[in-house]
Amino acid sequence: MRRCRFDVVYLTDEPRREVERRLRSHCQGAWTLRANGRNSEAGQVHYTVMFERESDIASLCRPNPRPQ
C-alpha cells in the first residue's frame, strides 16, 4: 500500500469528477480525495487531497483542457 504523506486543502466550484479526472491524468503517484464541506452560498466544496508524491501537488493547479 502506498502512503500519502502530503496533504492540501483545496477549495473549488468544479464537480468532484473533474477534480478526479485531472488528478488521474496528471499525477504520477497515489492520491486520495475527501470532501470536507460545502459553502452553498459560493457553490464551492472544500476537499482534502492527500498525495504520495510532493511533486504531484501542482496537478491541482493545472487547468482542464478546453474542448476545441
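Please go through the range 1-46 and give me each residue that is of a type in the set (D, E) and in a strand (DSSP E or B), ordered by number.
D7
Give the range 37-54 a look and list any residue that's over 12 Å from T12 (Cβ atoms) and of a type in the set (S, T, N, Q), or say none. Within the range 37-54, S40, T48 qualify.
Only the coordinates and a few stated rules stand behind these numbers; no lab work does. Owing to the predicted nature of the structure, the values given are computational and were not obtained by experimental measurement. Positions of Cβ are backbone-derived with ideal geometry, glycine not excepted, and every protein chain shown enters the neighbour counts.
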